[in-house]
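Following: one structure in structure tokens, then a few remarks.
Readers should treat all values here as calculations from the given coordinates under stated rules, not as data from a laboratory. Worth saying up front: this structure is predicted, and the values here are computed from it rather than measured.
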Amino acid sequence: MKGQYFSFDAIIGASIFILTLVAIFSYWYGVSNSIEQQQSALATEAIRIADILYSPTEVPYGVTVNWSNKHLYVPKVEALCDEEAPPSDVLGSEYAVSIDFNTRGDNICTWGEQSINSNEIYRMRRAGSYLDEDGTTRLGYVDIFVYNPYSN
């Protein structure tokens with residue numbers, strides 16, 4: 001009918017407009033959370049530590065074989081875990097750090113605190129493969145925990 005405001009065209013157009021706005025706002029909310037998480041100080045520190053561990057030039061803290069072979073070399077990993085100084089001191093971090101080196105079914109070693117008491121913990125997991133001295137490889141991962149410890 002002439003002059004009818006709520007016609008089919010207007011209802012469908014308004015519905016599409018509202019759905020588009022909801023989609024844009026939900027996308028922006030997801031992107032802004034992702035940006036905030038990437039820019040947090042703990043996350044940035046975890047990425048920096050992972051880069052040190054996965055680069056062979058950071059002697060003696062890099063645990064990969066070399067630039068062309070990115071396997072985590074088990075003797076280097078074990079030597080790093082035998083380090084007496086805490087990882088935060090060795091790696092120059094202002095936060096407390098704990099690093100777990102794990103294969104799919106086994107913990108190779110833990111460098112740093114095994115029990116973490118903190119409300120602010122950022123865990124980063126990097127996948128990799130471990131190269132043993134005999135040349136065999138095993139799939140695994142490295143968990144890097146960066147946190148602000150409780151002050152007693």
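With θ taken as phi - 60° and the Karplus curve 6.51 cos²θ - 1.76 cosθ + 1.60 applied, the whole-hertz 3J(HN,Hα) list for the stretch 66-79 is 6, 5, 8, 10, 8, 5, 7, 7, 4, x, 5, 5, 5, 5 Hz, x standing for glycine and proline.
Legend: P(r) of the stretch 41-148 from all alpha carbon pair distances, 5 Å bins from 0, whole percents, reading 2, 13, 25, 27, 19, 10, 3, 1, 0.
Here's how it looks for Tyr73: its modeled amide H is under 5 Å from those of Thr64, Val65, Leu131, which are all 5 or more places away or on a different chain.
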